[in-house]
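Report on the structure given below.
The values are calculated or read from the model by the stated rules, or taken from the named source; none is laboratory data. Remember, it's a predicted structure, so these values are computed and weren't measured experimentally. Note that each Cβ is placed from the backbone with ideal geometry, even for glycine, and that neighbours are counted across all protein chains shown.
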Amino acid sequence: MNLLDIIIVNYNSTDHLLRCLKSVEKSLNGLDANIFIQDNASADGVDRIPAQFPQVCLTVNRQNLGFAKAVNRALAQSRADYAVLLNPDTYLMDDFFSSSILFMQKHPDVGVMGPRISDSDGRLQNSARAFPTPLTAFFGRSSFLSKQFPKNPITSRNLLSLKSDGKSAMEVDWVSGACMVVRKEAIRQTGLLDEQFFMYWEDADWCRRMRENGWKVVYNPRASVYHYVGGSSEKNIFRSVIEFHKSVYRLFDKYLNSSLSFLKPLVFGGLTIRLFFVLVSNLFQCTFTTLKQRSDFGICKEKIKENKALSVLCEEKKKIKILRIISRLNIGGPAVHVCLLTNGLNPEKFDSKLITGKISPQEGDMSYLFDAYDRKPMIVPYLQREITFRSDLKAFIQIFKILLLEKPDIVHTHTAKAGFSSRFAVMIYNMIGGHNVSMVHTFHGHVFDGYFSTLNSLIFINIERFLAGASDAIIAISKTQKKELAEQYRIAPAHKIRTIELGFDLYPFFFCQREKGKFRKHLGISDDTLLIGIIGRLVPIKNHEMFFKAAALFREQKPGIPVKFVVVGDGERRAELEMLCRSLALTDEMKFCGWIKNVPCVYADLDILALTSLNEGTPVSIIEAMASSAAVIATDAGGVQDLLGMQDCETSERRIPKGGFAICERGVLCQKNDAAGFAKGLEYLSAENSSEKEARVKRARSFVENRFSHKRLFHDIEALYESLVRGER
């Protein structure tokens, strides 16, 4: 049995690999060894290897398996006492193998040995390091700050090879997988490389597991190799950078103490921002190099001037190309909004396409809205509700590819998730090709309050501030929301935020009385029973608990009023909320209806629409209820007070008393999380005389008819788009 098994993973680095094999052959100096090469579907003439080195065991994989999986396949064939992992772009010194094996034999407690690794010009690569910390991203081996301040204490603590005297071996946290000698017994005890790491940081993880199993990891500067950094990864810089950051997050997530899980969004956000800047830096370098190489293709200024008039004429005739992006078409106002905008803009001036993601299993799907139209949405399956590093990066890449294909004039994003991935993609797209795609983002609501912890909310606020700075226009859907974005959260200055209210085709709701009685008949509810309903997703932000508690209080306070409560919608909390109803003894009065497509039929029979949300943009259910002539009671969340007419509130100083309610121009307003006040508001609406009720309902209906028509929405959005194309901000 041979003493050594040498394992090399190759990916489009065959020229480097041939030189590496020559140095391996020379350094072995007659020592018996098996050489396993795992080739990850290279396209640069890998067949040259067996022709020049017939003793090598070459396996050509059909696809790029990544580093860890390819190494593990070779290790499965390995039978020697030691495995030597080499990058194909390394070059070994003559005595590397003899000195390395001698060292391992003298130190049986060493599981992994890393040699001195130098650049091609002899500079130390600092391949022995401490386990990464959050500061490693800023003071890593090749970071900008480490290059500018090489003697800073953070870098010194991280790059342990700087502490070496150049002769003596020293124990370290981990050594680079570009070249490492590993004891087979340590592998058998610890396990193979973690294949969740496609590329990068699998060596740090392996060394950490070795140490946890009692094996030492040692940096031995007497064994030496040269490493031509990036010989493989530089073939695809874009993917290399992304895989690096994915692996950083995996390593962090793998070893994070469960008590510190609240740090995940912080690290995720920080890595995403770092990824963006690293990509931009690399792309700038590539673009600059390409432009220099193609300088002979430049067009003289005189030629441009001669054709300027023709260019302007062509631009005037060209349709404005809009790429609209939303994370998913779940039931709610944003889905209706993007469907109208995608299909309703002037077709002679605008060419609109919609990109959307997948619906989670617990959500209702509104993609049926597009059944009546020829143009269907483009689906990016990785664009979804959940925050996962892998899916979000894949969504980012797919959106970037669509930008390259579609070449839009304007990218308009809706909802936070789509705005995050897509605006980063547009920023990079503009920087790579010198494009000038305008970015617009609509806040249908926001995730700064009621969704996450205080720390996580602060992270998202800062990310949105950064993205807003790069955007050409931010759209708020109500005056209250604009004030929140500009003053409370300081997402963008007020002059950059346009207030463009939602617009809908409200015709089915204006004439919903044609269907009166159908919903009650379906549920077995008599006409003389007061029917109070809440419509929306069954998610925490909608705060259905408050609705149920208020319902229980109302029933106790008014036992003589026949009343039923309906919950229209579905979601992740249905079972939990049904259990809460049982605990409040509301089983007979409360009916869960799930999603109902024919919503006008529901509004036709509702006496009162309730909304108990903790956070809202402009709730569509209130607009629909007003158009349907149903009374409305709601909590003071987001743009609700604009809808109900808080400015005309009869309460002194326009304040809502705790445990009470405010009678507004078009509805009743209560404080958030105030079930007692909500119950009193319900009591007021149930006992209100018919003339007051009819007057308020009439005012509400007239209000939404004038303010929320789809024609007004089209006019406002078209005007914004045309101003952006003209270069107005």
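Some observations on this one:
- Search result, residues across region 487-541 that are within 24 Å of VAL640 (Cα to Cα), part of a loop (DSSP other than H, G, I, E, B) and aliphatic (A, V, I, L, M): ILE491, ALA492, ILE500, LEU502, LEU506, LEU538, VAL539
- Against the list (1) surrounded by fewer than 14 Cβ atoms within 10 Å (Cβ to Cβ); (2) part of a helix (DSSP H, G or I); (3) without any contact (Cβ under 8 Å) to a residue 24 or more places away in the chain, the condition GLU728 fails is (2).
- Pair list, Cβ < 7 Å and 6+ apart or interchain, from region 56-70 residues that are touching a residue at least 12 places away in the same chain (Cβ under 8 Å) to residues that are part of a strand (DSSP E or B) and surrounded by fewer than 20 Cβ atoms within 10 Å (Cβ to Cβ): ALA70/ASN61
- Scope region 424-433; condition surrounded by fewer than 22 Cβ atoms within 10 Å (Cβ to Cβ), farther than 13 Å from LEU404 by Cβ and at pLDDT 85 or above; matching residues: MET427
- Within region 6-26, considering residues that are in a loop (DSSP other than H, G, I, E, B) and out of contact with any strand residue (DSSP E or B) (no Cβ under 8 Å at 6 or more places or on another chain), the one surrounded by the fewest Cβ atoms within 10 Å (Cβ to Cβ): ASN12
- Residue count for region 361-384, restricted to those that are in a loop (DSSP other than H, G, I, E, B), in contact (Cβ under 8 Å) with a residue 40 or more places away in the chain, out of contact with any helix residue (DSSP H, G or I) (no Cβ under 7 Å at 6 or more places or on another chain) and not acidic (Asp, Glu): 2
- Identity of the residue in region 559-592, assigned to a helix (DSSP H, G or I) and among the acidic types (Asp, Glu), that ends up surrounded by the fewest Cβ atoms within 10 Å (Cβ to Cβ): GLU576
- Hey, ASN29 of a type in the set (S, T, N, Q), touching a residue at least 12 places away in the same chain (Cβ under 8 Å) and closer than 30 Å to SER247 by Cα or not: no
- The requirement of being small (Gly, Ala, Ser), assigned by TED's automatic domain parsing to the domain that holds ARG555 and in contact (Cβ under 8 Å) with a residue 40 or more places away in the chain is not satisfied by GLY445.
Residues are listed down the side, and each one gets a yes or a no for (1) of a type in the set (D, E, K, R); (2) out of contact with any Asp or Glu (no Cβ under 6 Å at 6 or more places or on another chain); (3) under 30 Å from LEU18 (Cβ atoms); (4) at pLDDT 70 or above:
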residue	(1), (2), (3), (4)
MET199	no, no, yes, yes
ARG211	yes, yes, no, yes
LYS216	yes, no, no, yes
TYR226	no, yes, yes, yes
GLU234	yes, yes, yes, no
SER247	no, yes, yes, yes
LEU279	no, yes, no, no
GLN285	no, yes, yes, no
ILE299	no, yes, no, no
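- Residue in region 398-421 that is surrounded by fewer than 22 Cβ atoms within 10 Å (Cβ to Cβ), closer than 19 Å to THR499 by Cβ and in contact with a Ser or Thr (Cβ under 7 Å, 6 or more places away or on another chain) present: no
- Filtered residues of region 155-181 (kept if within 38 Å of the chain's Cα centre (by Cα), within 16 Å of HIS107 (Cα to Cα) and not in a loop (DSSP other than H, G, I, E, B)): MET180
- Filter pass, LYS542 being in the same structural domain as ASP674 (by TED's automatic domain parsing) and modelled with pLDDT of 95 or more: no
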